[in-house]
Amino acid sequence: MHADLAPTRRAAFEAAVCPHLPELRRAARRLTRCDATAEDVLQESLTRAWRYWDGFDAGSNARAWMHRIVHNTFVNGWRRARREQRTLGDLQRTRRAQFELARADHGRSVPVEGVGDEVSVALAELPEEFREVVLLVDLQGLSYRDAATHIGRPVGTVMSRLHRGRRRLSSVLRAYAEAEGYVRVAA
């Protein structure tokens, strides 16, 4: 695009779109039910409108065109979030199944996805109450509160068990970590 056309293009865009901004903001707020999210949807919509401004027919209904963009932006974002939640849910179910498998094994070594055999063995050797919270918090990524709800104990108990479990794992895995270069060898 030529530099001398940019001001004309911008002026045409602003003249067609800016008068509808308050109405578009209200429409985005109705869709999202959240001021911050509505602003995000509106900003994304304006970016898309600017990107495709050359395809807009001058003299067409800019108001309707912008409402369509706001609606489509909201729907696309909602679908993306739903896909992400579905993927996250699948991952959490997989990790939960692995945790339950490890729990049902009663201390024998069960491979845990994402960690080596040495770590799986060390986890299996932890007392059940420590292993449970280490798996929930460190491998499944649960918050202390969620882990506490899962095991039916206070948050402080989860924090204490997690600390003691990590400390035991650290001492058991020290030689392995040094050999693999994860930590420096003590001088």
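Could you run the Karplus curve 6.51 cos²θ - 1.76 cosθ + 1.60 with θ = phi - 60° over the stretch 63-68 and give me ³J(HN,Hα) per residue in whole Hz, x for Gly and Pro?
Coupling constants for the stretch 63-68: 4, 5, 4, 5, 4, 5 Hz.
Please rank Met159, Met66, fewest neighbouring Cβ atoms within 10 Å first, as an exposure proxy.
Values: Met159 15, Met66 23.
Going from least to most buried by this count: Met159, Met66.
What are the ³J(HN,Hα) couplings of the stretch 41-58, residue after residue, when phi is run through the Karplus curve with 6.51, -1.76, 1.60 and θ = phi - 60°? Round to Hz, x for glycine and proline.
Once rounded to whole Hz, the list reads 5, 5, 4, 5, 5, 5, 4, 5, 4, 5, 4, 9, 4, 5, x, 7, 7, 4.
Would you mind computing, in nm to one decimal, how far apart the modelled labels at Met159 and Arg68 are, each placed 7 Å from Cα along Cα→Cβ?
Spacing of the two 7 Å Cα→Cβ label points: 5.5 nm.
Report the gain in length on full extension from Ala81 to Glu129: 0.36 nm times residue separation, minus Cα-Cα distance, nm rounded to one decimal. Intermediate values should be presented prior to the final figure.
Values: separation 48, 0.36 × 48 = 17.28 nm, distance 3.49 nm.
Here the answer is 13.8 nm.
Quick note: the coordinates plus some simple rules give every number you see, no bench work behind them. Note that the structure is a prediction, hence the values are computed from the model and not measured. Positions of Cβ are backbone-derived with ideal geometry, glycine not excepted, and every protein chain shown enters the neighbour counts.
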